[in-house]
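Student: Sharing a structure, written as structure tokens. Questions coming.
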Amino acid sequence: LREAVDRASIALMAQAVGAMEAANKVCGAYVQERKQFGTAIGSFQAIQHIMADNFVAAHQARSMLYHALANADADEATRSAALSAARLVIGEAGQTVSRNGIQVHGGYGLTDEYAIGHYFLRLMCIEKQYGDLIQHGERFGDSIFG
């Protein structure tokens, strides 16, 4: 049963990575079209830093997804460590990307009219399924330190 749950968790992580990349795309389009003081907000250094953080977080998440996939057929201890490490990185990245996306949208992203709010909710749900960050942190620690 643990192996089946681990495989389902990998599928959820793939969905989370896709949601992060879609959220980054939505945010990128928004910062190019939204104008403040007569210029696109994407030209502001603070927004550029947020977008760079989101980009890095999404790519780190994708790398950890690949790590979990590469170890999906390994023995239980190796698979458990890889999966929990990936869940930790992807969960944190999902929170970073979605919260920053709401911030970039000036808080309006929480309304139903903006897609970023839907990505935020989905990423928060994914983080809680099959164990949240705390449970996977404990699982990872147990697999590393016994």
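Student: From the phi of every residue in region 36-46, what ³J(HN,Hα) in whole Hz does the Karplus formula 6.51 cos²θ - 1.76 cosθ + 1.60 yield, where θ is phi - 60° and glycine or proline is x?
Tutor: 9, 6, x, 9, 5, 5, x, 8, 7, 4, 4
Student: Still on this structure, I have one more. Semi-axes, largest first, in whole Å: what does sqrt of 5 times each Cα gyration tensor eigenvalue give for the chain?
Tutor: Details: eigenvalues 219, 37, 26 Å².
In descending order the semi-axes read 33, 14, 11 Å.
Student: Could you rank the peptides 17-27, 57-67 by their average count of other C-beta atoms within 10 Å per residue, with the highest value first?
Tutor: 17-27, 57-67
Student: I'd like the GluC sites (Glu not before Pro) in region 102-146 restricted to DSSP loop residues with at most 14 other Cβ atoms within 10 Å, sorted by number.
Tutor: Glu113
Student: What does the accessible area of Tyr30 come to, in Å² to the nearest 10, when a probe of 1.4 Å is used?
Tutor: Here the residue's solvent-accessible area equals roughly 30 Å².
Student: So if I place +1 on the C-beta of Lys and Arg and -1 on the C-beta of Asp and Glu, and nothing else carries charge, what would the dipole magnitude of region 49-146 be about its Cα centre? I want it in debye, nearest 20. The partial results should precede the final answer.
Tutor: On the way: 7 positive and 11 negative charges, 29 e Å.
Here the size comes out at about 140 debye.
Student: Is it possible to state the helix-based mean residue ellipticity at 222 nm for the chain, with each DSSP H run of 4+ residues giving -39500 (n - 2.57), the sum divided by total residues, to the nearest 500 deg cm²/dmol? What is it?
Tutor: Computed ellipticity for the chain at 222 nm equals -27500 deg cm²/dmol.
The values are calculated or read from the model by the stated rules, or taken from the named source; none is laboratory data. Values in this document were obtained by computation on a predicted structure and should not be read as measured data. Virtual Cβ from ideal backbone geometry, glycine too; neighbours counted across all protein chains shown. SASA here: full protein model, heavy atoms, side chains in, ligands and nucleic acids out. Shrake-Rupley method; radii C 1.70, N 1.55, O 1.52, S 1.80 Å.
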